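Trainee: Take this structure, written in structure tokens, and hold onto it; I'll ask about it next.
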Amino acid sequence: MKQRRIGVYICHCGGNISDYVNVQEVADAVKNDPNVAISRTHTFACSDASQQEMIDEIREQNLDGLVIASCSPKLHVFTFRGMAERADLNQYQYVHVNLREQCSWVHGNDKAGATAKGINILRAGIAKCALTKPLTAIRVDTKPRVLIIGAGVAGMRAAILLADMGLSVFMVEKEKEAGGWALHAGNMGPENQNGTDIAAGLLKRIQAHENIMLYTGAEVTGKSGSIGDFTVMARLDNNEEVSLNVGAIVVTTGFSPYEPKEGEYGWGIPGVVSLLDFRRMVEQSNGKLQHNGKPVRTVSFIYCVGSRQKKKKDCPDANTYCSRYCCSAATHTASQLGKLDPSVRQYHLFRDVRTYGALETVYEESRRDGAIFLKWEPKNPPVVEQKGGQLSVTVKDTLSGGDELEIGSDLVVLVNGMEPRENDALNDILKIPESKDGFYNEIHIKLRPVETVIDGVFIAGASQGPKTLAESVASSLAAVAKTGGLLKKGYVDLEPLVAKVNTDKCLWCDECLKACPYGAIEKINFGEKEVAFVIEAMCKGEGGCVPVCPHDAIEIEGYRDDQICAMIDASIKELETPA
Amino acid sequence: MKSKEPEPKILVFSTNSISDPGIDLAGGAHLHYSTAVQVIPLPCSSGVKPSWIVHALQQGFDGVFIAGCGGDCAFLSDCTPRTSAVIKKAQDMMKENGISPKRLKMSGICSVCADNFVGHMNNFQNELRKLEADENKQD
């Protein structure tokens, strides 16, 4: 094998590494490696001055590989990839060694041991680097068109903004009417805007926008292609099928309200209603709230219905999450009720009042409007029964020392949370991973909150977890920024660290095809035989196909068999003869 | 503190977006584990080749630990059963090569599972010490 000219740089990270690892000893230990041309240390490898020095050295010394041992790769892989490219070194011939988070910081009590381990993991990095090849990012042209699935408020806001950018927008909405749950939400806190009005206002703008095509009563039936160039099939309300060619997809399919189980907090007894039902009753009453022709004098609200559940035998599919919006919605409803008729007694049976941020004002207002709060513990949940033509709610109120109170009520409102929408057919088509809660999963909740592992498919709104309307719109605007950025640029570069097939070894048996949920494997004719072919733009490079191949014929670039074995060999050799 | 006793050497296969950040966090929290633990990051634990595991054990590692993506895997909803299948295949290969299947362990390590990871390393080293003693007794 041709000898390499690898530059090895060990970072002191101020003292974060060098206080616990003898960095000079590490640099010296590898300098005689035949593949290493330079091995030296830098106080801060990421500093502009150090980067410039490394760039000069890569050029002057004709380096063809780069190994940097510094902090976690999560921090600076892209910094040093960019640096390599500026030095005309292929960015995929740079290997990062995690000498801080996985060495100096966890072995602060053993400098000799940390130094010996540092040498080992550096040797592994060098062994991997010696086997790198220059790779080219996979460049794909993008179509200037977007599909938005779900025309609730989040989807409609996204559509208008993307259309304003000059992109063509298709919207597919399953219901006969666009607007989503806002249509049924009535007046919403904290600014008391009416959901129906918000939805109607957005719909008007959408209908007037020449760049937006809205299909209601329509469903997505198929998807092919990949980032930049998807073909999505949709069945319209007249049963006609259309084919939509788009560069990106934004999924704003929203949530479903939690439907209480029969008997759960009295669900099924007349007078036990959901929060949405109750809001409608308040809205539609003409000054006096009535139920079954009788005036309503006392209302009990039970919070956290279908949220923050504990998994147990009678609740195997527990919703362990907080639904976020319900405390604010219920306390806002309390104010609406209080203003409608201040003489109605209202009791709010809560676990914790999670009216966070500015929504705290909604809670305060509800207290001024007559809401009385009683706190219960999950081990003693409130009990709802029918007693003598009235509803009785029994609760152990921990705020009054655990006293058991019985509240005769005309109505019991179950403050029900959000659940993931059941959309099996769509999920089969889109293949967006779901979280444990069943909502769509983003790549990273903080750093990449609207991207999914399916490149070019973004999620927003309550489809990715319970949200207030304001939070939903914020996430939908984040998806607009990502989608606009992708499609307005006109092309996208994808990581080339994807599967590749060894056509000599491959005997086409379809194991890789079965292992790939992304449709990235195809059968092709290759000379005399049939072999597997990887559609690079669709491959995620996770490697699920690698261990299932009976012929050892598929591997992931950057994590090739020879590279991993060389890393193992290099890292064990020195462990046996510590420095 | 520096122990003279050679410690069981563990190779960890971590995953770039889930378990490796969890292992990083042990560093961020300045927790301690043995210097005989080394990590090779991969994209996903479903992509570990059984032959790598056997190779590592034959080359001199005393144990291999797969820090799996668990239920958090962003790529595959069935990542855990797939990784379990890898483990099973590897343990069969280990038995064929006269290596105790106890030298391979797997656990899902989430991106904030720092304490959990350190606990696994300490336990696994203890188990490997015991295994070593038992195997020596049999010889």
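The values are calculated or read from the model by the stated rules, or taken from the named source; none is laboratory data. What you see is a predicted model, and the numbers here were worked out from it, not measured in a lab. Cβ sites come from the backbone with ideal geometry, for glycine too, and all protein chains shown count toward neighbours.
Trainee: Among all residue pairs at least 6 apart or on different chains, which show Cβ distances below 7 Å where the first residue, located in region B:83-104, is more than 13 Å from chain A (Cβ to nearest Cβ) and the second is assigned to a loop (DSSP other than H, G, I, E, B)?
Mentor: B:Arg103/B:Asp62
Trainee: If you don't mind, there's one more thing I want to ask. What do you reckon, is A:Asn98 more than 14 Å from chain B (Cβ to nearest Cβ), closer than 19 Å to A:Ser571 by Cα, among the polar types (S, T, N, Q) and buried (at least 16 other Cβ atoms within 10 Å of the Cβ)?
Mentor: no
Trainee: So which of A:Gln93, A:Gln52, A:Gln61 is farther than 23 Å from B:Leu42 by Cβ, touching a residue at least 12 places away in the same chain (Cβ under 8 Å) and polar (S, T, N, Q)?
Mentor: It is A:Gln61.
Trainee: For B:Ser77, which of the numbered conditions (1) at the interface with chain A (Cβ under 7 Å from one of its Cβ atoms); (2) modelled with pLDDT under 95; (3) in contact with a Gly (Cβ under 7 Å, 6 or more places away or on another chain) fails to hold?
Mentor: (3)
Trainee: Further, regarding this structure: Of the residues A:Glu495, A:Glu536, which is within 14 Å of chain B (Cβ to nearest Cβ), closer than 27 Å to B:Ser51 by Cα and modelled with pLDDT under 95?
Mentor: A:Glu495
Trainee: Continuing with the same structure: If you check A:Lys446, A:Lys514, which single one turns out to be in a loop (DSSP other than H, G, I, E, B) and over 18 Å from A:Ala159 (Cα atoms)? Break it down into steps so the answer makes sense when it comes.
Mentor: On the way: A:Lys514 fails: in a loop (DSSP other than H, G, I, E, B).
Result: A:Lys446 is the single residue among A:Lys446, A:Lys514 that is in a loop (DSSP other than H, G, I, E, B) and over 18 Å from A:Ala159 (Cα atoms).
Trainee: Moving on. With the structure loaded, tell me whether B:Ile10 is more than 8 Å from chain A (Cβ to nearest Cβ), closer than 15 Å to A:Lys573 by Cα, out of contact with any Lys or Arg (no Cβ under 8 Å at 6 or more places or on another chain) and in contact (Cβ under 8 Å) with a residue 40 or more places away in the chain or whether it fails that test.
Mentor: yes
Trainee: If only one of A:Ile556, A:Ile521, A:Ile564, A:Ile572 is surrounded by 19 or more Cβ atoms within 10 Å (Cβ to Cβ), within 14 Å of chain B (Cβ to nearest Cβ), out of contact with any Gly (no Cβ under 6 Å at 6 or more places or on another chain) and more than 30 Å from A:His332 (Cα to Cα), which one is it? Before the answer, list the steps.
Mentor: Details: A:Ile556 fails: out of contact with any Gly (no Cβ under 6 Å at 6 or more places or on another chain); A:Ile521 fails: within 14 Å of chain B (Cβ to nearest Cβ); A:Ile572 fails: out of contact with any Gly (no Cβ under 6 Å at 6 or more places or on another chain).
Just one listed residue meets the conditions, A:Ile564.
Trainee: Can you spot a residue in region A:64-73 that is surrounded by fewer than 24 Cβ atoms within 10 Å (Cβ to Cβ), more than 13 Å from every other protein chain (Cβ to nearest Cβ), at pLDDT 95 or above and out of contact with any Pro (no Cβ under 7 Å at 6 or more places or on another chain)? Give the derivation first.
Mentor: Our first condition is that a residue be surrounded by fewer than 24 Cβ atoms within 10 Å (Cβ to Cβ); within region A:64-73, this holds for A:64, A:72-73.
Checking the rest, the ones that are also more than 13 Å from every other protein chain (Cβ to nearest Cβ) come to A:64.
When the remaining residues are screened for being at pLDDT 95 or above, the result is A:64.
This time we only want the ones that are out of contact with any Pro (no Cβ under 7 Å at 6 or more places or on another chain), so: A:64.
Yes, region A:64-73 has at least one match.
Conditions (1) within 39 Å of the chain's Cα centre (by Cα); (2) among the aromatic types (Phe, Trp, Tyr); (3) not assigned by TED's automatic domain parsing to the domain that holds A:Arg308, marked per residue:
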position: A:Ala371; (1), (2), (3): yes, no, no
position: A:Thr398; (1), (2), (3): yes, no, no
position: A:Leu405; (1), (2), (3): no, no, no
position: A:Ala425; (1), (2), (3): yes, no, yes
position: A:Leu430; (1), (2), (3): yes, no, yes
position: A:Phe439; (1), (2), (3): yes, yes, yes
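Trainee: For region A:475-489, does any single residue satisfy the condition of being more than 14 Å from chain B (Cβ to nearest Cβ) and assigned to a loop (DSSP other than H, G, I, E, B)?
Mentor: no
Trainee: Let me ask something additional. Which residue, of A:Thr355, A:Thr320, is part of a loop (DSSP other than H, G, I, E, B), touching a Phe, Trp or Tyr at 6+ places or on another chain (Cβ under 8 Å) and of a type in the set (Val, Ile, Thr)?
Mentor: Checking each option against the conditions leaves just A:Thr355.
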